Amino acid sequence: MRLEGKKILLIIGGGIAAYKSLELIRAIRKEGGEVKTILTKAGTEFVTPLSVASLSGHHVYQDLFSLTDETEMGHIELSRSADLVVVAPATADLMAKAAQGLANDLASTTLLATDKRVLMAPAMNVRMWLHPATQRNVACLKQDGIGLIGPDEGAMACGEFGPGRMAEPLAILEVVIATLSAPASLPLSGKHVVITSGPTHEPIDPVRYIANRSSGKQGHAIARAAAKAGARVTLISGPVTLPDPEGVQVIHVEDARAMLQAVEQALPADVAIFCAAVADWRVASAGTQKIKKEKAGPPHIELTENPDILATIAQAKTHRPPLVIGFAAETEHVLAHAQAKRIKKQCDWIVANDVSPASGVMGGDQNTVHLLRGETVSSWPLMDKTAVAEALVHEIALALKTSSHENQ
Ligand code: PMT
C-alpha cells in the first residue's frame with residue numbers, strides 16, 4: 001500500500017478520457033490513498049457524479065456556488081486539505097485557465113487557491129495539443145512548477161493520430177506515488193531530471209528498421225538512481241525489453257525524431273542526461289510497403305541525418321537545463337573523442353565509455369566510464385551499471401548543491 005494515509009484531490013475535466021479517471025480512482029484507493037473529486041460541468045457529459053462518488057466513496061464537488069458543497073467543505077479548504085492535486089483529464093480549457101490564473105468555476109478556483117503540488121494529465125485532440133496557444137500554456141504551467149504527465153501518442157477517439165491521449169491510469173499512479181513519496185530531504189528532492197535511454201529504431205519499411213545494440217540498462221539505471229535520490233524523473237526510452245522503473249514517468253518512443261520531441265515536451269528540467277544510443281542517420285524516405293526482393297539486386301537505401309538531441313538541447317535558447325550531460329560511446333581514443341564531442345555539442349559534462357565489442361558495455365551489466373567536466377577527467381573503475389548510475393547521481397547532487405549555494 002504505497003499511498004497509505006495520502007489524500008489526493010482529483011479534478012476530472014470534460015474529455016472522453018474522463019472514463020480513465022474512474023480507473024485512476026480505483027488504482028489510488030487500491031494503494032491505500034483517499035480520493036476526493038471535483039467534476040467539472042463538461043466532465044459530467046462523460047462520467048456521472050454517481051459513478052465518481054461510488055468509486056471514490058466521497059461526495060463529488062461540482063459547483064463553486066453550491067450552498068451544500070460550501071457548507072460541507074469550502075473551496076479553499078478543499079484545495080488545501082489534499083496532499084496532492086491531480087487534474088485528469090486536463091483539457092485544453094482547464095490548462096488555459098490554470099495558465100492564465102482564471103477562477104470562474106470550482107476547478108479553476110481550486111487550482112488557483114491551492115498551496116499543494118499539482119500534476120496534470122493532458123488529454124485533447126492532437127491539433128489542439130500542438131496548437132501554439134496550448135504549447136504556450138504548457139510552458140507557463142511548467143514554469144509555475146506544475147508537473148505534466150504525458151500526453152501519450154497514439155490513435156485518438158476522434159480518429160486522428162498523434163500526441164494528445166491521456167497517460168494510462170497506472171502511469172499516472174506511479175507519478176503520484178513518486179511525487180508523494182519523495183521526502184523533502186533527499187539529495188535531488190524538488191529537482192526534475194530528464195533522461196534518454198536505449199536505442200532508437202529507424203524504419204526502413206513497415207517491417208524492417210536500423211537499430212543498435214544498446215539495451216537501455218545504463219540509462220534505466222540512472223533513472224532509478226535519480227528517483228531514489230528524490231528527483232522527479234522523466235525517462236524517454238527507445239525500444240527496450242526492460243520493465244519501466246518504479247516511480248518514474250516513462251515515455252516510450254521508437255525513433256530519434258520522436259525522442260527529440262518527447263525531450264522538448266518534458267522540459268523544463270534541472271538536469272538532462274542523454275544516455276540513449278540515438279541513430280545518427282535514418283532512411284531518407286522509409287517505404288510505406290514492405291520492400292520486395294527484386295531480381296535486380298539489393299535496394300539502394302539513402303540515409304539522411306537525424307537531429308542531434310543532445311546538441312539541440314545543450315544549445316537551446318529557452319529551457320536549456322542548467323546541467324546538460326551527454327554520453328560518448330567510443331571504440332578508440334576514448335578521452336580525446338569524448339572531449340571533442342563535449343565541446344562540439346556544448347554539453348556541460350560528458351560520460352565517456354569504451355563500447356568496442358570486447359568491452360561488452362553495450363547490452364552488458366558493467367561499464368568503465370570517465371567523467372569529463374571541462375578539462376577535469378575522473379576515471380572510475382569497472383563497475384556495475386547501477387553503481388555507475390549512483391555515482392553519477394551523487395556527482396550531480398553535489399554540483400546542484402554547489403551551484404545553489406553560489407547563487408544565494
Ligand atoms: O544501453 P546499454 O546497453 O546499457 O549501453 C549503454 C550505452 C553504451 C548505450 C551508454 O553508456 C552510452 O554510451 N550512450 C551514448 C551512446 C551514443 O549514442 O553515443 P554517441 O557518442 O554516438 O553520442 C554522443 C551523445 O550524443 C550521446 O549522449 C547521445 O545520446 C547523443 N546523441 C547522439 C546522436 C543523436 N542524433 N542525438 C543525440 O542526442
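Name the residues in region 359-389 that are surrounded by 19 or more Cβ atoms within 10 Å (Cβ to Cβ) and out of contact with any strand residue (DSSP E or B) (no Cβ under 8 Å at 6 or more places or on another chain), would you?
Correct list: 389 only.
Return the total of residues in region 74-105 being assigned to a helix (DSSP H, G or I) and modelled with pLDDT of 95 or more.
9
Go through region 279-296 and report how many residues are in a strand (DSSP E or B) and open to solvent by less than 100 Å² (accessible area, probe 1.4 Å).
2
May I ask you to list the residues in region 173-213 that are within 18 Å of residue 283 (Cα to Cα) and touching a Leu at 6+ places or on another chain (Cβ under 7 Å)?
Matches in region 173-213: none.
With the condition kept exactly as written, say whether any residue in region 226-235 is at pLDDT 95 or above, closer than 22 Å to residue 363 by Cα and within 10 Å of the ligand (Cβ to nearest atom).
Within region 226-235, none of the residues are at pLDDT 95 or above, closer than 22 Å to residue 363 by Cα and within 10 Å of the ligand (Cβ to nearest atom).
Suppose we keep only residues that are buried (at least 16 other Cβ atoms within 10 Å of the Cβ) and over 27 Å from the mean Cα position of the chain (by Cα) within region 339-358. Which one would you say is farthest from residue 255 (Cα to Cα)?
Checked region 339-358; the qualifying residue farthest from residue 255 (Cα to Cα) is 339.
I need every pair where a residue in region 189-206 that is at negative phi and in contact (Cβ under 8 Å) with a residue 40 or more places away in the chain has its Cβ under 7 Å from the Cβ of a residue that is within 13 Å of the ligand (Cβ to nearest atom) and basic (Lys, Arg), sequence separation at least 6 or different chains.
From region 189-206, the pairs are 202/282.
For region 222-233, which residues satisfy the criterion of being outside any strand (DSSP E or B) and open to solvent by 30 Å² or more (accessible area, probe 1.4 Å)?
Listed by number, the residues that qualify are 224, 228.
Name every residue in region 297-319 that is away from the ligand (no atom under 14 Å from the Cβ) and either at pLDDT 95 or above or crowded, with 18+ Cβ neighbours inside 10 Å (or both), in order of residue number.
302 - this is the single residue of region 297-319 that is away from the ligand (no atom under 14 Å from the Cβ) and either at pLDDT 95 or above or crowded, with 18+ Cβ neighbours inside 10 Å (or both).
Where residues in region 243-269 are in a loop (DSSP other than H, G, I, E, B) and open to solvent by less than 50 Å² (accessible area, probe 1.4 Å), which of them is nearest to residue 308 (Cα to Cα)?
The selected residue is 255.
When you scan region 7-23, do you find a residue that is open to solvent by 10 Å² or more (accessible area, probe 1.4 Å), more than 26 Å from residue 128 (Cα to Cα) and without any contact (Cβ under 8 Å) to a residue 24 or more places away in the chain, even just one?
no
Exactly one condition in (1) under 26 Å from the mean Cα position of the chain (by Cα); (2) farther than 21 Å from residue 214 by Cα; (3) within 13 Å of the ligand (Cβ to nearest atom) is not met by residue 372; state its number.
So residue 372 meets the others, but not (1).
Only one of these conditions is not met by residue 219: (1) closer than 30 Å to residue 283 by Cβ; (2) more than 16 Å from the ligand (Cβ to nearest atom); (3) part of a helix (DSSP H, G or I). Which number is it?
So the condition that residue 219 fails would be (2).
Can you pull out every residue in region 297-312 that is in contact (Cβ under 8 Å) with a residue 60 or more places away in the chain and in a loop (DSSP other than H, G, I, E, B)?
301, 306
Output yes when any residue across region 66-79 is closer than 17 Å to residue 117 by Cα, touching a residue at least 40 places away in the same chain (Cβ under 8 Å) and open to solvent by 20 Å² or more (accessible area, probe 1.4 Å), and no when none is.
Looking through region 66-79, none of the residues is closer than 17 Å to residue 117 by Cα, touching a residue at least 40 places away in the same chain (Cβ under 8 Å) and open to solvent by 20 Å² or more (accessible area, probe 1.4 Å).
Given the structure, is residue 402 under 22 Å from the mean Cα position of the chain (by Cα) and away from the ligand (no atom under 12 Å from the Cβ)?
No, not satisfied.
The values are calculated or read from the model by the stated rules, or taken from the named source; none is laboratory data. These figures come from a predicted structure and were not determined experimentally. Quick reminder, even Gly has a Cβ in these numbers, built from the backbone with ideal geometry, and neighbours come from all protein chains shown. With ligands, DNA and RNA removed, areas are computed over all heavy atoms of the protein, side chains included. Shrake-Rupley method; radii C 1.70, N 1.55, O 1.52, S 1.80 Å.
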